[in-house]
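Below: one structure, written as structure tokens.
The values are calculated or read from the model by the stated rules, or taken from the named source; none is laboratory data. Note that the structure is a prediction, hence the values are computed from the model and not measured. Cβ sites come from the backbone with ideal geometry, for glycine too, and all protein chains shown count toward neighbours. Each accessible area value is taken on the protein alone, full model and side chains, heavy atoms only, with ligands, DNA and RNA left out. Shrake-Rupley method; radii C 1.70, N 1.55, O 1.52, S 1.80 Å.
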Amino acid sequence: MSEKKIETFIIEQEDSNIRLDTYLSNIYPDMSRSFIQKQIKLENVKVNNTTAKPSYILKTDDIVSTAFADSTTEVIEPQNIPIEVLYEDAKMLVVNKPSGMLTHPTSTEKKNTLVNALLYYTKGHLSDCNGHLRPGIVHRLDRNTSGLLMIAKDNEAYNFLKTQMQQHKIEKKYYALVCGVLENDKGTINAPIGRHPKKPEKMAVVPDGKPSVTHYSVIERFCSHTFVDINLETGRTHQIRVHMSYINHPVANDSLYGAHRIPVKTQEQVLQAYSLKFISPADECEHLITIGFDDDIIRTLNYLRSKK
């Protein structure tokens, strides 16, 4: 008889507001919906340490645990993919994720993600707090957003870093090129973000969304675009992309949120996480990591400057 393996998943905003059985079907694509519903009814699935119905609607930060046989959990393959490690100690890493790379595997894409590369680099020494598809992942970046990500090597580090994030003690800064010319040199967008009511692949400013605050300052203005520095006070899914679209200045080349394209080759949205300030669980000291412009930003800035 196969032993049962307990897996735990912490629900991020992008996975909230969907049924429990739907979420698990995405996590375990090889299992049928009826099998998952049966496992829930057999109490092999718990939400926040208690039983739940298959129709339970997940909320952000819910903790879902499963106790399925080992054979049902697909192994994510380590891959020797070069990654840029900018900081490393006994407890964590900071890596520079390139634009175009998924942060972690999904139900449909299991290879060539940052997690595949991290499993090879660390020889599997990653936190398992966030389930088998997201080992080590404390926060994520969209596929087409480049930049800095913190990676936890063990569960103690994961919880330490996650607590800092929840208490808004980690400073994250971004470069973004947005459509239109911003009038004010500085501004703050304070508008709640949640799932789009009609398009589940999108987020939106909605009355019952999570509190979300974005600060921006202008670096350079062009004829029809503005290059900005963005400081996030909160870290909602697609926050910068949603907020900038909300004030009618969507991130350049972001087709999902209504931006027109610049005739320069980029992966999609011109957006880069360039600065991280955090306290490491290894030494409990503050660290600041910054990087220069990525290739997409360099190409678009050079193009716009040539048109001035």
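Residues in the stretch 59-67 carry Karplus couplings, in order, of 10, 4, 6, 4, 10, 9, 10, 10, 10 Hz; the curve used is 6.51 cos²θ - 1.76 cosθ + 1.60 with θ = phi - 60°, and Gly or Pro positions show x.
Summary value for the stretch 135-221: 21 percent relative contact order, contacts being C-alpha pairs under 8 angstrom separated by 6+ residues.
For the stretch 234-295, relative contact order (Cα pairs under 8 Å, six or more residues apart, normalised by length) works out to 19 percent. Convex hull volume of the Cα atoms of the stretch 70-166, normalised per residue: 101 Å³. Of all lysines in the structure, those lying under 19 Å Cα to Cα from K202, and not within fewer than 8 positions of it along the same chain, are K59, K210. Here the calculated FRET efficiency for D208 and T108, from their Cβ-Cβ distance with R0 = 30 Å, stands at 0.50, rounded to the nearest 0.05. Taking 0.36 nm per residue of separation and subtracting the current Cα-Cα distance, fully stretching the chain between T51 and I247 would add 66.3 nm. Just the protein heavy atoms count here, and of the accessible area of the stretch 138-257 at 1.4 Å, carbon and sulfur take up 46 percent. Share of carbon and sulfur in the accessible area of the stretch 1-131 stands at 50%, probe radius 1.4 Å. With the largest listed first and rounded to whole Å, the semi-axes of the equivalent ellipsoid of the stretch 15-128 from the Cα gyration tensor are 31, 15, 14. The chain gives an Rg/Rh value of 0.98, both radii derived from C-alpha positions and Rh following Kirkwood. In the full protein context, the stretch 185-308 carries 49 Å² of accessible surface per residue, based on a 1.4 Å probe and ignoring ligands, DNA and RNA.
What the stretch 1-154 shows is 46 Å² of accessible area per residue, with the surface traced by a 1.4 Å probe over protein heavy atoms.
Label-to-label distance, Y303 versus K5, with points set 7 angstrom from Cα along the beta-carbon direction: 4.4 nm. Scalar couplings 3J(HN,Hα) for the stretch 77-94, obtained by applying the Karplus form with A = 6.51, B = -1.76, C = 1.60 to θ = phi - 60°, are 7, x, 10, 7, 9, x, 10, 8, 9, 9, 8, 8, 9, 5, 10, 7, 10, 10 Hz; x denotes Gly and Pro.
Backbone phi angles across the stretch 211-216, fed through the Karplus curve with coefficients 6.51, -1.76 and 1.60 (θ = phi - 60°), yield HN-Hα couplings of x, 9, 10, 10, 10, 9 Hz in residue order; Gly and Pro are listed as x.
Spatially, the stretch 269-306 and the stretch 126-181 are offset by 14 Å when compared through their Cα centroids. Among T237, T290, the order of accessible area from largest down is T290, T237, computed with a 1.4 Å probe on protein heavy atoms.
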